[in-house]
Amino acid sequence: MSAVPPELSVVVPVHNESGNIVPLLGEIVAALRGRCAFEIVYVDDASGDDTLAVLTAAKAQFPELRVLRHRTQCGQSTALRNGIKAARGAWIATLDGDGQNDPADIPKLLAVRAESPPAIKLFAGWRVHRNDPGSKRWASKLANAVRARLLKDDTPDTGCGIKLMERAAFLDLPYFDHMHRYLPALMLRAGWQVKSVPVNHRPRGSGASKYNNLQRALVGIADLRGVAWLIRRSKRTTVDEL
């Protein structure tokens, strides 16, 4: 590992995604090699298939790869947070491990960041054209509408896995399970700005989705109430050093 921290850390949480790992790694390095100094941090959330074995073997092919493993399954938000805590880059790009996010969009997010004011700490992917079943698209559309009305986060697609964010800003946010679905609202609560960027969305490479519409809805109701409470109870002020 180089003593010089990379400019960017790509964090990918996975659970039972062995068939998608090597293809996605190949796309990440194709998108970023020669553009910036980067590392890739995969977090295996206690997979029951051969995900860990595939990741371990892939380190010989992809020297940028680092592998973390949860001893017990904890979910996507915890995997993301642990990956970001371990990351060495000042900026973090996140991807879902199922291959539906396109790593070729990471340079696009970096280019938008270069032209944006420093107050924007989160560049959120926006899946304008989704490659999901109709039931999932409609459920997501309804959830986004309810969330936007309640939280006023002005973000059309909080569920998109590809994001670019400042590491320090993320680690300053309150942590709770499923927080990854509310990052725009939490960033706004912290006093930062958020920008949505249209990105590509692809069919799942292999494996199966880890959630169904009912599971998302039941969890989302409690989370929405909790995030709304956090927003109501927050206070911010400018601090002057004398």
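The values are calculated or read from the model by the stated rules, or taken from the named source; none is laboratory data. Here the structure is a predicted model, which means the values were calculated and not measured. Neighbour counts are summed over all protein chains in view; Cβ atoms, including those assigned to glycine, are modelled from backbone coordinates with ideal geometry.
Within the stretch 3-22, does at least one residue satisfy the condition of being in contact with a Lys or Arg (Cβ under 8 Å, 6 or more places away or on another chain), assigned to a strand (DSSP E or B) and in contact (Cβ under 8 Å) with a residue 60 or more places away in the chain? Looking through the stretch 3-22, at least one residue is in contact with a Lys or Arg (Cβ under 8 Å, 6 or more places away or on another chain), assigned to a strand (DSSP E or B) and in contact (Cβ under 8 Å) with a residue 60 or more places away in the chain. Residue pairs whose Cβ atoms lie under 9 Å apart, sitting 6 or more positions apart in sequence or on different chains, and linking a residue in the stretch 187-216 that is under 21 Å from residue 129 (Cα atoms) to a partner that is acidic (Asp, Glu) and modelled with pLDDT under 75, are 201/132; 203/132; 204/132; 209/132.
How about the stretch 36-96: which strands (runs of 3 or more DSSP E) wholly inside it have at least 1 residues that are without any contact (Cβ under 8 Å) to a residue 60 or more places away in the chain and not hydroxyl-bearing (Ser, Thr, Tyr)? Result: 38-44, 65-69. For the stretch 171-185, the criterion of being assigned to a helix (DSSP H, G or I), touching a helix residue (DSSP H, G or I) at 6+ places or on another chain (Cβ under 6 Å) and charged (D, E, K, R) is met by none of the residues.
Could we say that residue 140 is buried (at least 19 other Cβ atoms within 10 Å of the Cβ), polar (S, T, N, Q), modelled with pLDDT under 95 and part of a helix (DSSP H, G or I) here?
Values: buried (at least 19 other Cβ atoms within 10 Å of the Cβ): yes; polar (S, T, N, Q): yes; modelled with pLDDT under 95: yes; part of a helix (DSSP H, G or I): yes.
Yes.
Quick grid of which residues meet (1) of a type in the set (Phe, Trp, Tyr); (2) within 19 Å of the chain's Cα centre (by Cα); (3) surrounded by fewer than 21 Cβ atoms within 10 Å (Cβ to Cβ):
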{"residue": "61", "(1), (2), (3)": "no, no, yes"}
{"residue": "65", "(1), (2), (3)": "no, yes, no"}
{"residue": "76", "(1), (2), (3)": "no, yes, no"}
{"residue": "82", "(1), (2), (3)": "no, yes, yes"}
{"residue": "86", "(1), (2), (3)": "no, yes, yes"}
{"residue": "91", "(1), (2), (3)": "yes, yes, no"}
{"residue": "94", "(1), (2), (3)": "no, yes, no"}
{"residue": "100", "(1), (2), (3)": "no, yes, no"}
